[in-house]
Amino acid sequence: MKIKRKIRLGLFILSLVMGSFLLFTACVTAPNIYIEKTEKVSDHFNGVRYFNPGAPQTLYYQSDQAIKRGPTWWVWNWILRTDWPEWPKRTDYPPGPPPVTRAPEGSLYVTPVGHATFLIQMDGVNILTDPMWSERCSPVSWVGPKRYSEPGIRFEDLPPVDAVLVSHNHYDHFDIPTLKNLADRGTPRAIVPLGNLDLMRSTGIATVDELDWWQSVPLSSNVTITLVPAQHFSARTLWDRDQTLWGGFVISGPSGNVYYSGDTGYGPHFREIARRFSPIRVALLPIAPFRPPQARESNQGYRHVVHMGPAEAVKAHIDLGTPFSIAAHFQVFRLGVEGFDDAVNVLVTSLKGHNLKPDAFVAPLFGQAIQIPPVLNASLSPAGEARSIGPVLGFARASRSVVPEAVVQY
């Protein structure tokens, strides 16, 4: 067993180096492209690289050891660690039913596909965030973080997709095979942060809009997409760190404002987004990776910079004005040291700690379409038991033994 593990580790490291080298020309945007689009130094661009205003530009987190030894130490420490918590080999969560072709007029549907992928149906348009249907998030298909949960929607069951929103260029969010498949089935448009134009065009999607923070573009006669700040970083190779921008999106239309944060740490940008777009009707927020209380590093001064755990996500939910929030970035790819159920359990505890109702911020069933009315009208059982409330079915994400109806109303 030890020999097999060493072989796998060696192949993984080799694939990182080879994949980065081989994909360099395909994945790196030429410097003159993104510099021309941001000619002036800004509060998040120094003329060469993008950065997080007012936050350290670290790889993942800050700690006494990481600061002393640098990011290379962190990467090797992460690769070579042996105390990973157990995750299931594969969950048995079945995909949900095929979504409706279009949301009824005046309705807003959000279907979590898994990880950071959501199908948003509102005001006559269908939008996918960070579409990811691949088995691994990696430069190569045979090694790297693997999928533990099936996509909540079968790819062949997708309705026509009018646009994809891609928040940044990391492999678990900017998945080239999925984007090429979407281009083949006729998805006409993509919206990306600065520096990602050429990479997106390589997928075959015909029209690509490249935005800076706070820039907007109309998607239809009544729906507008705005790129908003996030606290993160970018890289697809060993050489292109922070040469492309990252961000979240606000989708604005007659049905209200839908906020998708992308990958982000906790920061002051949530309050600024709320100030500019209040009221936010729906927020899609990541709750992992993070370091749960039982992790070995939890008491060593570790501070997240570019990701949020559930406790910080609840703070962001409050900063945003307590919209209806849906959790993202959990139970699909193991990218941190938390156990499989830790993110959901800590989310429930954090909501209680802030005296918030359990249905204010839900960890959803993948593939379960959520119809979001103007007034929340359902409850979520923190114990994980499904219960009927009139025609509405409330459920907790921790229990997957119940297959709900096609659309859940809150």
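Quick notes
- From ARG291, ARG281, ARG296, residue being at pLDDT 75 or above, among the basic types (Lys, Arg) and not in a strand (DSSP E or B): ARG291
- Of residues in region 194-208 being of a type in the set (S, T, N, Q) and in a loop (DSSP other than H, G, I, E, B), the one nearest to the chain's Cα centre (by Cα): ASN196
Residues checked against (1) among the hydrophobic types (A, V, I, L, M, F, W, C); (2) surrounded by fewer than 21 Cβ atoms within 10 Å (Cβ to Cβ); (3) modelled with pLDDT of 95 or more:
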{"site": "LEU351", "(1), (2), (3)": "yes, no, yes"}
{"site": "HIS354", "(1), (2), (3)": "no, yes, yes"}
{"site": "ALA360", "(1), (2), (3)": "yes, yes, yes"}
{"site": "PRO374", "(1), (2), (3)": "no, yes, no"}
{"site": "ALA383", "(1), (2), (3)": "yes, yes, no"}
{"site": "PRO391", "(1), (2), (3)": "no, yes, no"}
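- You will find that of SER234, SER202, SER261, the residue that is within 27 Å of GLY47 (Cα to Cα) and modelled with pLDDT under 95 is SER234 and no other.
- Test for TRP246: is it in a loop (DSSP other than H, G, I, E, B), in contact (Cβ under 8 Å) with a residue 24 or more places away in the chain and crowded, with 22+ Cβ neighbours inside 10 Å: yes
- Whichever residue in region 193-213 is touching a residue at least 60 places away in the same chain (Cβ under 8 Å) and under 24 Å from ALA274 (Cβ atoms) and, among such residues, is surrounded by the fewest Cβ atoms within 10 Å (Cβ to Cβ): ASP212
- Search result, residues across region 103-136 that are of a type in the set (Ser, Thr, Tyr), within 17 Å of VAL332 (Cβ to Cβ) and part of a strand (DSSP E or B): THR111, THR117, THR129
- Number of the condition not met by ALA183 [criteria: (1) assigned to a loop (DSSP other than H, G, I, E, B); (2) at pLDDT 95 or above]: (1)
- VAL306 satisfies every condition listed in (1) surrounded by fewer than 24 Cβ atoms within 10 Å (Cβ to Cβ); (2) free of Cβ contacts under 8 Å to residues at least 60 places away in the same chain; (3) within 13 Å of the chain's Cα centre (by Cα) except (2).
Yes/no per residue for (1) in a loop (DSSP other than H, G, I, E, B); (2) under 18 Å from the mean Cα position of the chain (by Cα); (3) surrounded by fewer than 24 Cβ atoms within 10 Å (Cβ to Cβ):
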position: THR101; (1), (2), (3): yes, no, yes
position: SER138; (1), (2), (3): yes, yes, yes
position: VAL143; (1), (2), (3): yes, no, yes
position: ILE153; (1), (2), (3): yes, yes, no
position: VAL164; (1), (2), (3): no, yes, no
position: HIS168; (1), (2), (3): yes, yes, no
position: PHE174; (1), (2), (3): yes, yes, no
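- Checked against the criteria, ALA206 does not count as closer than 16 Å to THR129 by Cα and of a type in the set (Gly, Ala, Ser).
- If you go through region 249-275 and keep only what is more than 18 Å from the chain's Cα centre (by Cα) and in contact (Cβ under 8 Å) with a residue 60 or more places away in the chain, you end up with GLY253, PRO254, SER255, GLY256, PRO268.
The values are calculated or read from the model by the stated rules, or taken from the named source; none is laboratory data. Bear in mind that the values here come from a model prediction, so they are computed numbers and not experimental data. Glycine gets a Cβ as well: all are built from the backbone with ideal geometry, and neighbour counts include every protein chain shown.
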